[in-house]
Amino acid sequence: MASSGCSSNRLRQTIVVALLLLASSSCLASAKHRGNGTTTTVPFHGKDELRRYRKIMAQSPDGDVIDCVPARLQPAFDHPKLRGQKPEAEPEERPKVGGAAAAEAEEEAVFPQAWTDGGESCPEKTVPVRRTRRRDVLRSSSAVRFGMKQPRAAGVVRRDSTSDGHEHAVGYVTGDQFYGAKASLNVWSARVATAAEFSLSQIWVISGSFGNDLNTIEAGWQVSPELYGDNNPRFFTYWTTDAYQATGCYNLHCSGFVQTNNRIAIGAAISPTSVYNGRQFDISLLIWKDPRRGHWWLQLGSGPLVGYWPSSLFTHLGGHANMVQFGGEVVNTRPSGSHTPTQMGSGHFPREGFNRAAYFRNLQVVDWDNNLLPAAALRLVADHPSCYDIQGGYNRAWGNYFYYGGPGRNVRCP
């Protein structure tokens, strides 16, 4: 784990200075990245490689710049436990699927992102990295913690969380050993009221107690004006080994997650999105632990792999998860003393149903033998049902599913 106290603060201040210098410089001879407790420099090997790197980038319609970084030079390998390594080969064995799950594979292959609207992708042996700019760091409420969630009080991942402003509407399974989770998430352009708030929908893979030793792996979509500078829903990842205290980060903002896919940019906008009373768009995500190497892989449904979290990053998740959670989360800063109008999901309550309320469907977990199974004994909980609620069910087409979300502030949620 990263060190704490004054030493940690000094290191993080150094990291912020490095990010600001990088963002304001036109020189790409090296890229400085924040590791957990370290500041590192990634050198490029020779002028020819630098010249190639500067030419390989994509300008997204939403203003993002996506750089194609040589896979061996990506931020992950700045981590002390990963230095000198290179991306590992994809596992030969993947979670076993069949029946209804196999029938989903074709629709799950589509993962629309704004930067690939024109068919763009990075060359082989490179990975797309959304460029961090100076204004991104300056926009953060805490430059020292740029790209990190705020530290959390014990138990707030799924329990009532009014003390720190985080509110949830989730389904979860516990009481067993889990080696992965899968679901299809309905994507919406949730309205976020202030830059200090966010709205997200995700899968959590969790192990440890709900104290400071909590390990999580997370992936889904989020709207976060502070982190991204706009209100677009974006594909994101997260990890921590100490309940969001000092380890881990969003996306590739620190060393840890190893990307292997040259077509998916973590942190890039998802486009198109769902429309009220119109067409619905889902993304299907699978997080699973490779039984041979032990790494936790992120996969797009039954399709391509995105990358992996090395098992060496974790303590409890070095073995297995003891909880899997699916659902939505918002931050409520109570602007003007009232509950925030920040939306969760579509901004409509579950009772409105399909085409109107957001949903998770085909909720599954991975067992000890690498089998995908329905998420049995799913428990549903909403911290504040008058603000954001959740209602579940089961059918043959969707398996275990739930509708969730809400508008936030309303006559029953002042």
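The values are calculated or read from the model by the stated rules, or taken from the named source; none is laboratory data. All values reported here derive from a predicted model rather than from experimental measurement. Here Cβ is always computed from backbone atoms with ideal geometry, including for glycine, and neighbour counts include all displayed protein chains. Surface accessibility is based on the protein's heavy atoms, side chains included, excluding ligands, DNA and RNA. Shrake-Rupley method; radii C 1.70, N 1.55, O 1.52, S 1.80 Å.
In order along the stretch 381-393, phi translates into HN-Hα couplings of 8, 10, 4, 9, x, 6, 9, 9, 10, 8, 9, x, x Hz, rounded to whole numbers, per the Karplus curve 6.51 cos²θ - 1.76 cosθ + 1.60 with θ = phi - 60° and x for Gly and Pro. Gain on full extension, evaluated as 0.36 nm per residue between Thr315 and Glu88 minus their Cα-Cα distance, stands at 79.6 nm.
Can you work out the FRET efficiency for the pair Arg334 and Leu138, with r the C-beta to C-beta distance and R0 = 22 Å, to the nearest 0.05? Walk me through the numbers on the way to the answer.
Values: r = 25 Å, r/R0 = 1.13.
Calculated transfer efficiency: 0.30.
Seen from Trp115, the other residues with C-beta closer than 9 Å to its C-beta sum to a net charge of -3, counting Lys and Arg as +1 and Asp and Glu as -1. With a 1.4 Å probe and every protein chain kept in, tell me what percent of the accessible surface of the stretch 173-292 is carbon plus sulfur. So the carbon and sulfur contribution to the accessible surface is 45 percent. Put a dot 7 Å past each Cα toward the Cβ at Val411 and Arg145; how far apart are the dots in nm? Taking the simple label geometry, Arg145 and Val411 are separated by 3.8 nm. Each Lys or Arg adds one and each Asp or Glu subtracts one; over the other residues with Cβ under 14 Å from the Cβ of Arg292, this totals -3. Less than 5 angstrom separates the built amide H of Ser346 from those of Ala358, Gly406, all sequence-distant by 5 or more or on a different chain.
So what's the net charge close to Pro335: Lys and Arg +1, Asp and Glu -1, counting the other residues with Cβ under 10 Å from its Cβ?
On the way: positive: Arg334, Arg409; negative: Glu197.
Residues near Pro335 contribute +1 overall.
For the stretch 310-404, the list of chymotrypsin sites (Phe, Trp or Tyr not before Pro) that fall in a loop by DSSP and count at most 16 other C-beta atoms within 10 angstrom reads Phe354, Trp368.
In the stretch 150-286, a dipole from Cβ-located charges (positive for Lys and Arg, negative for Asp and Glu) runs towards its positive end, and of Tyr244, Ile266, Gly208 it is Ile266 whose Cα lies farthest in that direction. Close amide H partners of Val127, meaning residues 5 or more places away or on another chain with modelled amide H under 5 Å apart, are Val69, Ala71. Phi-derived couplings, Karplus 6.51 cos²θ - 1.76 cosθ + 1.60 at θ = phi - 60°, listed residue by residue for the stretch 249-262: 5, 6, 6, 10, 6, 8, 7, x, 5, 9, 8, 10, 8, 9 Hz, with x used for Gly and Pro. On full extension, the segment bounded by Arg279 and Glu352 gains 24.7 nm, given 0.36 nm per residue less the C-alpha separation.
Calculate the dipole size of the stretch 262-348 relative to its Cα centre from +1 charges on Lys and Arg beta carbons and -1 charges on Asp and Glu beta carbons; express the result in debye to the nearest 20. My answer is approximately 160 debye.
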